[in-house]
Amino acid sequence: MPATPPIWIDDDTALPPTRLALGPDSEAPGLLAVGGRVTPQRLEEAYRRGIFPWYSPGDPPLWWSPDPRMVLPVAEFKLSQSLRKTLRRFARDPACEIRIDSAFRQVITSCATAPREGQDGTWIAPEIIAAYSALHGAGRAHSVETWVDGELVGGLYGVAIGAMFFGESMFARRTDASKIALAALIAFCRAQGIALIDCQQRTHHLASFGAREIPRADFEAHLRHALGAAAPSAWTYHSGLWTGLDLAPAGPAAASGRPAAAPSAATRDPEPGTD
């Protein structure tokens, strides 16, 4: 039997049921629909259904709902010894800080413009930047940022509704800068009762941090529960949140935890690039 083609939609058409997404044996597993504009309203509709956009500039928007779904359970986050040491040093250096939502547009633009290994372009086109920036203005999209000496050196952004965080992309201008932002997001989520971070699609790098695939039905069941739960009262970060991670006391030989200079990197998923 030939595969069912994806469903074409326009701005007035609701996104179809996720069970109609293309299956694992198709050329585009998880593809659900094509068309329409990427607007803040459409994005909120999509994320509430566990659907996300991903397409190349110049193409019509593609809407995805993969099965299985890659997620990072916050309680299962894995810290390597080297990253744990880096975080200890970063947390005690007064020139290093984590900020939330202080430079959202700068973060998403950095994700769009940073070179990515094996790719000539970016999916984060101007209309994507505009739509997610508007979503940020509505309190639905957030950035977690790594700052050193007043300079933004790495970060991530994503969508948050209720007690659910959907990771989108990361970038790093110094080694470990995006990993530090991810660890800070984990600490924030633990403090706020956010149990799961959506990672959308599998990558080996995210798996090294504890991310794993779950059936779409399980993801959607968790999503329904999380959407009805209380959202964080404030998206702010303070140094006390580091206690939510398993960071042993720094040894006497520890020096500076500032991320070292490194080429920029960004990915479609919340993955620390070449960190």
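The values are calculated or read from the model by the stated rules, or taken from the named source; none is laboratory data. As the structure is a prediction and not an experimental result, all values here were calculated from the model. Counting neighbours? That spans all protein chains shown, and the Cβs are built from the backbone with ideal geometry, glycine included. The area values use the complete protein model at the heavy-atom level, side chains included, leaving out ligands, DNA and RNA. Shrake-Rupley method; radii C 1.70, N 1.55, O 1.52, S 1.80 Å.
Table for the structure above
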read-out	value
Spans of strands (runs of 3 or more DSSP E) in the range 89-180 with at least 3 residues open to solvent by less than 10 Å² (accessible area, probe 1.4 Å) and within 18 Å of Gln192 (Cβ to Cβ)	141-148, 151-161, 164-174
Residue in the range 163-171 that is of a type in the set (S, T, N, Q) and in contact with a helix residue (DSSP H, G or I) (Cβ under 9 Å, 6 or more places away or on another chain) present	yes
Test: residue in the range 197-218 that is surrounded by 21 or more Cβ atoms within 10 Å (Cβ to Cβ), farther than 23 Å from Trp54 by Cβ and in contact with a strand residue (DSSP E or B) (Cβ under 6 Å, 6 or more places away or on another chain)	no
Test set (1) under 16 Å from the mean Cα position of the chain (by Cα); (2) open to solvent by 10 Å² or more (accessible area, probe 1.4 Å); (3) aliphatic (A, V, I, L, M) - Leu72 fails condition number	(2)
Meets criteria (among the hydroxyl-bearing types (Ser, Thr, Tyr), in contact (Cβ under 8 Å) with a residue 60 or more places away in the chain and closer than 25 Å to Ala187 by Cβ) for Thr146	yes
Residue check for Ala187: part of a helix (DSSP H, G or I), within 24 Å of Ala229 (Cβ to Cβ) and open to solvent by less than 10 Å² (accessible area, probe 1.4 Å)	yes
Restricting the range 56-65 to residues that are in contact with a helix residue (DSSP H, G or I) (Cβ under 9 Å, 6 or more places away or on another chain) and more than 17 Å from Arg19 (Cβ to Cβ), the residue that is least open to solvent (accessible area, probe 1.4 Å)	Pro61
Only one of Leu43, Leu20, Leu31 that is touching a strand residue (DSSP E or B) at 6+ places or on another chain (Cβ under 8 Å) and open to solvent by 50 Å² or more (accessible area, probe 1.4 Å)	Leu20
